[in-house]
1. In segment 62-100, which residues are within 27 Å of THR25 (Cβ to Cβ), in contact with a Pro (Cβ under 8 Å, 6 or more places away or on another chain), of a type outside the set (S, T, N, Q) and not in a strand (DSSP E or B)?
2. Suppose the filter is of a type outside the set (Ser, Thr, Tyr) and either surrounded by fewer than 19 Cβ atoms within 10 Å (Cβ to Cβ) or assigned to a helix (DSSP H, G or I) (or both); does GLY59 pass it?
3. Out of segment 120-145, which residues are of a type in the set (D, E, K, R) and either surrounded by 17 or more Cβ atoms within 10 Å (Cβ to Cβ) or not in a loop (DSSP other than H, G, I, E, B) (or both)?
4. Scan segment 15-56 for residues that are surrounded by fewer than 15 Cβ atoms within 10 Å (Cβ to Cβ) and among the basic types (Lys, Arg) and report the count.
5. Being within 17 Å of ARG192 (Cβ to Cβ), surrounded by 17 or more Cβ atoms within 10 Å (Cβ to Cβ) and either modelled with pLDDT of 90 or more or out of contact with any His (no Cβ under 8 Å at 6 or more places or on another chain) (or both), is that true of even one residue in segment 66-83?
6. Can you list residue pairs whose Cβ atoms sit under 6 Å apart, with the first residue in segment 1-22 being at pLDDT 95 or above and the second being surrounded by fewer than 17 Cβ atoms within 10 Å (Cβ to Cβ) and among the hydrophobic types (A, V, I, L, M, F, W, C)? Count only pairs 6 or more apart in sequence or on different chains.
7. Looking at (1) in a strand (DSSP E or B); (2) closer than 24 Å to LEU86 by Cβ; (3) in contact (Cβ under 8 Å) with a residue 60 or more places away in the chain; (4) touching a Gly at 6+ places or on another chain (Cβ under 7 Å), which is the only condition ALA41 fails?
8. Do you know which of the residues in segment 216-228 that are part of a strand (DSSP E or B) and crowded, with 18+ Cβ neighbours inside 10 Å is farthest from the chain's Cα centre (by Cα)?
Amino acid sequence: MNPTPPAIELRQLTKRLPSGDRILTILDAVDLTIAAGEFVAVLGPSGSGKSTLLGLAAGLDRPTSGEVLIDGAPIQNLSEDALALLRRRKIGFVFQSFQLLGNMTALENVLLPLELGGHERPLERARQLLLRVGLGERGHHYPAQLSGGEQQRVALARAFAPRPEILFADEPTGNLDGATGARILDVLDELRADVAATLVLVTHDPSIAERADRRIYLRDGRVERVEGRPSLAPGESPAR
């Protein structure tokens, strides 16, 4: 019986960019394995490479060298169309700045990925998700008519609409006050449990990171330390 491959595997992942007359290393030979269903928090000071790691792992950017594997298959050499299809089928992303489409209502924002993916009964699914995040009566409102916390709840509903296997979240509570941020994390936990999604979340907040199975600390583009223990993959037995 073949073992279940990791949901995400980074092998010597490196990102360099030109900066004036020199080359700036943003991410430096990072190795990381994340099991299916695991919740990993990524921490570190500004400029440590957290958001770059997230973007590379999600296929939103391409590495200078190294590999990103999703479910055991490398993605760094896929075409843009193939990457878009992969994200549509397997990957959700939540941004600090919400990234809602301002000319669409809350319901239309949640509906969009469902229609693009050809899902059955997309309108029913979108309405159910808005109810789940406490915005069942706000579906006709545009983002500008919603508070920051409400916009992030719409963004969560949109990210989970296609039932992604993997969710990346980049400082999802960074623009919110503490109480609202805690509510957003509760909603995120509830939606994630529905689909047993793997979660990789960037945060500066230690209290948020404590919810994770593991905490990955970056500094100067490298993994400085890892805290916690990885979740068991389906069918895996604990070490004796």
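1. PHE95
2. The answer is no for GLY59.
3. Across segment 120-145, the qualifying residues are GLU124, ARG125, ARG127, ARG132, ARG138.
4. 1
5. No, that holds for no residue.
6. Note: pairs meeting the criteria are GLN12/ALA29; THR14/ALA29; ARG16/ILE23.
7. (4)
8. For segment 216-228, the residue satisfying everything is VAL223.
The values are calculated or read from the model by the stated rules, or taken from the named source; none is laboratory data. Computed from a predicted structure; not experimentally measured. Don't worry about glycine lacking a Cβ; one is built from the backbone with ideal geometry, like all the others, and counts go over all protein chains shown.
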